[in-house]
Amino acid sequence: MRPNGTLLITGGLGFLGSWTVEEAVRRGYRVIVVDALTYAANPDNLRELRAGFIAPTVRHIWSPVRYEGERGIPLLRPSDSDRFEPSDDVRSTVEKFLDSDLDVLTLLSSVEDYDLMKLLMEYVDGVIHLAAETHVDRSIEDAWDFVRAEILGFYSSIDAFRRVKGTSGKFVLVSTDEVLGEIMEGAADESAPLMPRNPYAAAKASQEHFAQSYMNTYGTPITIVRPTNAYGPRQHPEKFVPKIILNALSDEPIPVYGDGRQRRVWIYAEDVAVGIMDVYERGNPHEIYHIGSDDEMENLELVRRILAMLGKPESLIKFVEDRPGHDRRYALRWERMRALGWSPKTPMDEGLRRTINYYRERYADGSSIRR
């Protein structure tokens, strides 16, 4: 099938990023990925696709790709780096890719590389921006990586888009329900004020403020999507659902913050990716879309459900001190997505079964878990 166009998907080796890349390829798009391959990314997430990997010679205006020192993290794991072929001529490499039969070209770089982002904008029809640090606990311990990835990285991406594409093309920013803060009653619509309560949410809210400023000042065609809590295969083991599954499989205690009565709305990752692509194809510029579901439950209820599916005892539950600024509840209204013809298709039990099977097959022996 001939491509419907060429998409740039940032953070495409990550959890939601890789699901979105797959959905875009399924719909006939050719995809260029920019990913810094930090700890939560994995080239294996694209193993089902015809993909090429290059490590271009990059010029960074904000900071180097290879972070060191007390704020830094290793960029590359040895098992991953050998997949990336060096390239001193990114333009030529991209043009060869566009003439090839590959589905995806992944560039090992940070979205903070402004010159690289401007070059890539010449070859793509639109952008889906997912590159981010996403783990709230890590943001509470040290927010620097979140400031760098969310704020500096987004600014580099959107300004490169503006200067090359102007008011043409499409730019979808994937945000989060957490920018709205606690929603204790009912559900928030897209006009609700931003009230982030942790550093991760504040960094994502900063992206939205920048996006709104570029819409108003330059007319940049940005669309914002806010998914609720996603789960599914490929998620890093530090996240809540994988941690429950892996600890239960190993008969290890499952830490539950506070009283476990925090409420979240859950949605399977593939359904989120479909929603993101529906917004890209049919959403309106300068609009916000909530990607939600009806699967709301307490954290403790989710743990018990997974333990029951695994045949494990509830005695594995271990209540631990609550984290600072822990929001009690999120909930979104998502009528705009319904109007696009989208709704989640994966029942919660089916999604959990797929997720459990994934971690049981890939990580049960503990050899591949990167904690």
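Just so you know, all these numbers are worked out from the coordinates, no wet-lab data involved. Computed from a prediction, not measured in an experiment: that's the story for all the values here. Methodologically, a virtual Cβ is constructed for each residue, glycine included, from the backbone with ideal geometry; neighbour enumeration extends over all protein chains shown.
Listed values, structure above:
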read-out: Along each principal axis, Cα extent of the stretch 188-242, largest first, Å; value: 42, 23, 21
read-out: Label-zone membership for the stretch 328-352, site ASN4, 7 angstrom Cα→C-beta point, backbone N under 16 Å; value: 340-343
read-out: Calculated SAXS-style log₁₀ I(q)/I(0) at q = 0.06, 0.10, 0.12, 0.13 Å⁻¹ - the chain, Debye, Cα scatterers; value: -0.21, -0.60, -0.89, -1.06
read-out: Estimated 222 nm signal from helices in the chain, with DSSP H stretches of n ≥ 4 weighted -39500 (n - 2.57), rounded to 500; value: -10500 deg cm²/dmol
read-out: Built amide H within the under 5 Å cut-off of THR223, gap 5+; value: PHE171, VAL172, LEU173, HIS286
read-out: With Cα atoms, 0 to 90° folded angle of helix 299-310 axis to the chain main axis; value: 80
read-out: 0 to 90° range, to nearest 10: angle between helix 348-363 axis and the chain longest Cα axis; value: 80
read-out: Where Rh is the Kirkwood radius over Cα pairs, Rg/Rh for the stretch 150-190; value: 1.15
read-out: For peptides 11-23, 155-167, sequence by mean Cβ density within 10 Å, most packed first; value: 11-23, 155-167
read-out: Listed residue pairs exceeding 24 Å between alpha carbons, taken from LYS96/LYS165; LYS239/LYS312; LYS165/LYS345; LYS204/LYS345; LYS118/LYS239; LYS312/LYS345; value: LYS165/LYS345; LYS204/LYS345; LYS118/LYS239; LYS312/LYS345
read-out: Order by protection proxy (mean Cβ within 10 Å, highest first), peptides 228-235, 97-104, 321-328; value: 228-235, 97-104, 321-328
read-out: C-alpha long axis of helix 153-165 to longest principal axis of the chain, angle in °; value: 40
